[in-house]
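Please read the structure below before turning to the comments.
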Amino acid sequence: MKYYGYAGKILRINLTKRDFSIKNLEKDLMVNFLGGRGFNSKRLFDEIPPKIDPLSPENKLIFSTGPLVGTMFPTASRFNVSAKSPQTNILGDSNAGGHFAAEMKYAGYDQIILEGRSKEPIYLYINDDSIEFLDAKHLWGKDVYECDRIIKKDLGDKSIQTVIIGPAAENGVKFAGIFANLIRAAARTGMGTVMASKNLKAIAIKGSKSIEVANPKKFEKIIEEIEEEIYNHPQYWPRRKMGTTRILLPVNAMGFLPTRHFTSTIFEYAENVSGEKLAEEYNIKVRGCFSCILPCSRFYIIKEGKYAGLYGEGPEYEPLSSFTARVGNGDLQVALKAIDMVNKLGLDAITTAECISWAMECYEKGWLKKNDVDGLDLTWGNEEAILKLIEKISKREGFGDILADGVKKAAEKLGIGKEIAMHVKGLEIIQADPRGAKGYGLGYVVASRGADHLRSEPFMELSDDPKKGEKLFGIPEATIRLEYKGKGKLVSYCEDWCAIVDSLEVCKNVAENMEILPFDKAAEVIEAATGLKLNGNDVRKIGERIINIERAFLIREGIRKEHDTLPKRFLEEPIPSGISKGSIFELEKMLNEYYEERKWSKKTGIPLKEKLKELNLENVIEQFEKIGIEME
Amino acid sequence: MKKIFIDAFKCAGCKYCELSCSFYHEGKFNPKLSRIRIFKEDEYGIDNPILCSLCSYCPCINICPTNAFYRNEKGFMEINIEKCIKCYKCIESCFFGAVFLHIEKKIPIVCNLCNGDPQCVKKCPTKAIVFLEPNEFIQKKNYEYSRIVYQDFLNKHGIKIKSD
């Protein structure tokens with residue numbers, strides 16, 4: 001069988017035995033789970049038994065790309081990496097752009113499954129069908145940049161693509177990421193930590209094969225349409241100039257920019273640390289991921305001041321606002337330094353910033369004293385404290401050791417600040433206050449990897465356009481950010497959509513936020529690329545199936561309705577000031593509507609049998625019955 | 001004669017040019033089948049597209065022992081595959097490394113300007129790749145360079161340069 005769009009092969013590598021096998025991509029996987037994240041979630045459910053230790057050799061680390069990656073479909077450049085998460089003990093999954101995914105396709109693989117654990121530190125060199133297990137003792141302890149440099153020198157080829165873990169992962173920090181093209185981070189849920197537990201420092205990859213599409217004429221035509229839509233989009237230029245950092249000022253103006261650990265939602269220094277400021281004073285050129293016509297990554301240089309000479313790529317909105325507003329720091333250069341450190345050491349910026357800002361609030365409240373935190377002065381925005389804590393976390397040194405397991409466990413260990421530990425299911429909340437963007441908030445509550453906006457990204461609620469809500473869901477309030485009605489429908493719709501975008505491995509900024517790839521269009525693209533005949537409804541159903549198999553993984557690990565919640569502050573304390581003042585998060589009402597929409601039990605949060613049957617997920621029902629999980 | 005000029009500083013390194021080139025010439029997607037290649041170093045933000053510079057003295061043509069390498073009547077580079085003996089002297093001789101190897105057929109490939117309608121120019125999202133008369137390019141570059149030089153000076157005096 002000839003594969004179009006897909007590379008057509010699955011590479012399974014056993015690190016314990018140092019051997020590998022190459023098999024054809026299963027048709028069932030293609031048809032029912034599409035690609036990328038869908039492939040990974042299905043594989044995890046099938047191959048990882050419940051309740052394993054995420055850092056044991058039994059855990060599997062899986063990289064997948066999608067059917068459009070490697071073609072010139074704009075922004076199709078991403079990969080998902082999944083495993084059971086050592087940070088949350090549930091589904092772990094993260095996604096990054098850059099050039100790694102395309103190279104993986106050209107090497108011939110849709111999915112790479114890593115099993116077991118190597119005795120010695122190694123790295124992999126995959127060159128088409130040749131797989132080498134190379135010694136990595138000299139790379140152990142090196143930061144992401146150094147490691148990349150040495151690997152390219154060792155292999156004598158600068159065009160090789162790599163994914164790398166930093167020292168933080170090696171030291172067992174639970175929220176360490178995997179980095180492609182140095183700074184493109186698949187950083188959430190501790191996938192780097194899993195990679196380190198396998199004694200695997202990096203994967204270097206190079207491929208020479210081609211990707212063909214089923215209907216080149218049609219594909220070309222679709223690409224031309226999509227190009228036009230992207231270039232003419234009102235968000236094109238702001239995004240190109242500032243990337244995601246462009247939203248810092250609007251989020252501040254709308255009054256939901258988490259400031260000083262969510263104690264306020266307006267940051268008085270927002271102008272100083274905005275995307276605009278970064279673009280005007282520091283950026284020198286744009287850079288893009290593979291096959292992206294909206295190059296939103298930027299290269300910056302700090303020309304004067306204490307950090308003169310610091311240069312690098314990025315940052316995005318999340319790390320930028322995390323290391324400014326969230327920790328109360330109004331100095332853009334300090335934030336750039338912090339983000340550079342986080343990237344080189346291989347940490348998740350969001351989680352790192354939450355841990356630091358949580359400690360700062362505890363310090364302000366007097367729950368932590370100077371001698372509890374290695375003599376650091378944790379007042380808001382203290383430069384020394386921020387930078388020192390990043391270093392300490394990455395080394396698991398002193399107070400850093402306590403934070404290195406994430407905010408949930410830090411609060412448990414110290415017995416303080418549990419109700420202000422801003423996480424859901426053990427994953428830290430991002431830089432948008434759920435009280436001021438309720439669709440986002442509901443997204444954190446139900447996302448399959450814990451508090452996370454990228455599972456739903458209900459950007460359209462920020463439009464505050466009731467006509468849109470009326471048209472899409474029959475509920476005008478659905479697309480008004482401070483209303484709670486209709487959010488169940490909005491979030492489940494956006495979740496299905498994101499599952500498709502993540503499985504096609506297209507950039508969410510373009511496909512979902514800019515709305516260039518709705519379900520019908522996705523069906524057209526998939527058909528032209530792969531030959532699979534689908535319509536918009538079929539595509540949405542695939543999205544729903546992915547959401548449900550991820551939920552099934554969580555259910556198996558013991559997650560129920562009571563875990564679908566937010567920290568107390570959002571449920572009980574209204575936003576104190578600004579235009580979102582007085583707003584609170586109405587959890588129960590929104591959650592019920594969501595369960596209803598999903599056809600999940602309102603009592604337990606477990607998917608109803610009829611829903612699982614409708615999605616052809618009979619194997620989930622069988623498994624649940626075998627291990628005694630009761631379904632309605 | 002018009003030729004393709006590159007402004008590496010504008011290049012974002014997305015490889016959209018490589019993809020459009022391989023799709024146009026080979027009907028499939030593979031940067032390693034492209035007649036234009038971007039060389040990148042992420043650490044320094046380097047993205048540099050390289051392709052045939054249409055030198056007026058062509059080492060590749062001169063060195064080809066079988067005259068497989070030639071310029072056609074429109075002035076575009078062509079390779080007569082039937083004559084090619086795969087000695088790769090053309091690859092050796094190019095100062096810019098702009099004669100590439102077709103990874104499947106093992107023959108040299110070089111930019112032929114898509115017979116006058118270069119796809120990479122059409123598709124480049126940042127206009128880092130342009131198809132101009134040398135003089136036009138020099139002018140364009142000079143104006144852009146002047147703006148960069150004077151930007152700080154003008155900013156200090158409250159004058160903001162409008163982008164095109």
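The values are calculated or read from the model by the stated rules, or taken from the named source; none is laboratory data. Treat the numbers as computed from the prediction; the structure is a model and nothing was measured. Virtual Cβ from ideal backbone geometry, glycine too; neighbours counted across all protein chains shown. Areas reflect the complete protein model, heavy atoms only, side chains present, ligands, DNA and RNA absent. Shrake-Rupley method; radii C 1.70, N 1.55, O 1.52, S 1.80 Å.
Over all distinct alpha-carbon pairs, what is the Kirkwood Rh of the stretch A:226-309 in angstrom? Could you put the intermediate results ahead of the total?
Values: mean 1/r = 0.0696 Å⁻¹.
Taking the inverse mean of 1/r over all distinct Cα pairs, the stretch A:226-309 comes out at 14.4 Å.
Listed values for the stretch A:151-158 are Karplus-derived 3J(HN,Hα) couplings in whole Hz (6.51 cos²θ - 1.76 cosθ + 1.60, θ = phi - 60°), namely 4, 5, 6, 4, 8, x, 8, 7, and x replaces Gly and Pro. Note: the stretch A:97-143, Cα convex hull, 108 Å³ per residue. What the Cβ-Cβ distance of B:LYS122 and A:LYS581 gives, at R0 = 45 Å and to the nearest 0.05, is a FRET efficiency of 0.30. Here the Debye sum runs over all C-alpha atoms of the stretch A:466-532 as equal scatterers in vacuum, and log10 of I(q)/I(0) at q = 0.16, 0.20 Å⁻¹ comes out as -0.60, -0.83. In this structure, B:LEU101 and A:LYS218 have a Cβ-Cβ separation that, at R0 = 22 Å, corresponds to a calculated FRET efficiency of about 0.10.
Dipole magnitude for the stretch B:1-41: about 100 debye, using +1 per Lys or Arg Cβ and -1 per Asp or Glu Cβ, origin at the Cα centre.
How big is the C-alpha Rg of the stretch A:358-461 next to the rule-of-thumb value 2.2 N^0.38 Å, as a ratio? Please report the intermediate quantities before stating the final value.
Values: Rg = 15.2 Å, N = 104, 2.2 N^0.38 = 12.8 Å.
Ratio of Cα Rg to 2.2 N^0.38 Å: 1.18.
Backbone phi angles across the stretch A:178-188, fed through the Karplus curve with coefficients 6.51, -1.76 and 1.60 (θ = phi - 60°), yield HN-Hα couplings of 10, 10, 10, 6, 6, 10, 8, 9, 9, 10, 7 Hz in residue order; Gly and Pro are listed as x. Residues whose amide H lies under 5 Å from that of A:THR16, counting only those 5 or more places away or on a different chain, are A:ARG117; hydrogens are built 1.01 Å from N in the peptide plane. Expressed in Å, the radius of gyration and Dmax of the Cα atoms of the stretch A:404-452 are 11.2, 33. Along the stretch B:136-143 the Karplus relation, 6.51 cos²θ - 1.76 cosθ + 1.60 evaluated at θ = phi - 60°, assigns HN-Hα couplings of 4, 5, 4, 4, 4, 4, 4, 5 Hz to successive residues, with x for each Gly and Pro. The solvent-accessible area of B:LYS86, taken with every protein chain present and a 1.4 Å probe, is close to 100 Å². Ordering A:GLU622, A:GLU461 by accessible surface, largest first, gives A:GLU622, A:GLU461; the 1.4 Å probe counts only protein heavy atoms, with every chain in place.
Sites listed here are trypsin sites (Lys or Arg not before Pro) in the stretch A:509-585 whose DSSP assignment is loop and whose Cβ has at most 14 other Cβ atoms within 10 Å: A:LYS533, A:ARG560, A:LYS581. Between helix B:16-26 and chain B there is an angle of about 20 degrees, using the helix long axis and the longest principal axis of the Cα atoms.
For the stretch A:259-368, rounded, prolate or oblate, judged on the Cα gyration tensor with a ≥ b ≥ c (square roots of eigenvalues), a/c < 1.5 rounded, else prolate if a/b > b/c? It is prolate, given that a/c is not under 1.5 and a/b is the larger ratio. Centre-to-centre separation between the Cα atoms of the stretch A:509-569 and those of the stretch A:337-408: 35 Å.
Considering the stretch A:36-194, its Cα convex hull presents a mean projected area of 8.7 nm².
From most to least packed by mean Cβ count within 10 Å, the peptides A:253-263, A:376-386 give A:253-263, A:376-386.
How big is the convex hull of the Cα atoms of the stretch A:1-130, per residue, in Å³? List each step's numbers first, then the result.
On the way: hull volume 15.0 nm³, N = 130.
Once divided by residue count, the hull of the stretch A:1-130 is 115 Å³.
Accessible surface computed residue by residue for the stretch A:238-296, with neighbouring protein chains in place and a 1.4 Å probe, gives 30 Å² per residue. Highest mean packing comes first when the peptides A:185-192, A:130-137 are listed by Cβ atoms within 10 Å, giving A:185-192, A:130-137. For the protein assembly as shown, the alpha-carbon coordinates run over 80, 68, 58 Å along the three principal axes, in decreasing order. Roughly how many whole Å is it from the C-alpha centroid of the stretch A:303-320 to that of the stretch A:140-162? When both Cα centres are located, 23 Å separates them. A simple spin-label model places the labels of A:LYS17 and B:PHE39 4.3 nm from each other, with each point 7 Å out along Cα-to-Cβ. Ignoring the sites themselves, chain B has its longest run without GluC sites (Glu not before Pro) in a DSSP loop having at most 14 other Cβ atoms within 10 Å at B:1-72. Here A:TRP237 sits with roughly 150 square angstrom of accessible surface, probe radius 1.4 Å. In this rough spin-label picture, where each label sits 7 Å from Cα along the Cβ direction, the B:LYS2-A:ASN24 distance is 4.8 nm.
Tell me the volume per residue, in Å³, of the convex hull enclosing the alpha carbons of chain B.
On the way: hull volume 21.8 nm³, N = 164.
Dividing the Cα hull volume of chain B by its residues yields 133 Å³.
Contact residues in the stretch B:1-31 (at least 20 Å² less accessible area with all protein chains than alone, 1.4 Å probe): B:PHE9, B:ALA12, B:CYS14, B:LYS15, B:TYR16, B:LEU19, B:PHE23, B:LYS28, B:PHE29, B:ASN30, B:PRO31.
Dipole magnitude for the protein assembly as shown: about 1240 debye, using +1 per Lys or Arg Cβ and -1 per Asp or Glu Cβ, origin at the Cα centre. Mean per-residue shielding of peptide B:41-50 is 6, counting Cβ atoms of other chains within 10 Å of each Cβ. Separation of the stretch A:477-492 and the stretch A:58-79, taken as the distance between their Cα centroids, equals 31 angstrom.
How about the stretch B:48-156: which chymotrypsin sites (Phe, Trp or Tyr not before Pro) there lie in a loop by DSSP and see at most 10 other Cβ atoms within 10 Å? Could the numbers behind the result be given before it?
Numbers: sites: B:TYR57, B:PHE69, B:TYR70, B:PHE76, B:TYR88, B:PHE95, B:PHE96, B:PHE100, B:PHE131, B:PHE137, B:TYR143, B:TYR145, B:TYR150, B:PHE153; in loops: B:TYR57, B:PHE76, B:TYR88, B:PHE95, B:PHE96.
Loop-located and lightly packed - B:TYR57, B:PHE95, B:PHE96.
Roughly how compact is the stretch B:76-164, stated as its Cα Rg over 2.2 N^0.38 Å to two decimals? If you can, show how the numbers build up before the last one.
On the way: Rg = 20.0 Å, N = 89, 2.2 N^0.38 = 12.1 Å.
So the stretch B:76-164 has a normalised radius of gyration of 1.65.
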